[in-house]
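Working notes, structure below.
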Amino acid sequence: MPSTEPACTSGRQADIFAPPWMEPDGVAMAAEVTSSKPDQDRIAKRHCYARAGIPLHLLIDREKSQVSLFSKPKRDEYTELHLAGFGEPLVLPAPFELELDTKPFI
């Protein structure tokens, strides 16, 4: 049975619940909702997405009732973070350029 634990590979290739041949080229944003393993979603996956060079990571955190938008990846971390509590708008930058309505998450 394949592991469901996230694993990062070196370089530009991310291996998160996907075959190692999946390249992140052209991926503008990784978006997800926290699972039954929220620390894995908040920390491990974030590092993998940053290491892969994915420009934006949107995390809808059910436990914290907030949305986190990570941007500007550098090595295995994002250098900018924007937070919005459920019910507050969150502006997504280019290429999306829209205001995310988080009221439905309440």
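The phi torsions of region 94-106, fed into the Karplus equation with coefficients 6.51, -1.76 and 1.60 and a -60° offset, translate into couplings of 4, x, 7, 6, 8, 9, 7, 7, 9, 4, x, 7, 5 Hz, rounded to whole numbers, with Gly and Pro shown as x. Rounded to 0.05, the FRET efficiency of the Lys74 and Ser36 pair, given R0 = 22 Å and the Cβ-Cβ distance, is 0.15.
Roughly to the nearest percent, how much of the accessible area of region 59-106 is carbon and sulfur, given a 1.4 Å probe? For region 59-106, the apolar C and S fraction of the accessible surface comes to 53 percent. Each of Leu98 and Glu23 was given a label point 7 Å from its Cα along the Cα-to-Cβ line. The distance between the two points is 2.8 nm.
The values are calculated or read from the model by the stated rules, or taken from the named source; none is laboratory data. All of these numbers come straight from a predicted model, not from anything done at the bench. No Cβ is skipped: glycine too gets one built from the backbone with ideal geometry, and neighbour counts run over all protein chains shown. Note: accessible area is taken over every heavy atom of the protein model, side chains too, but ligands, DNA and RNA are not part of it. Shrake-Rupley method; radii C 1.70, N 1.55, O 1.52, S 1.80 Å.
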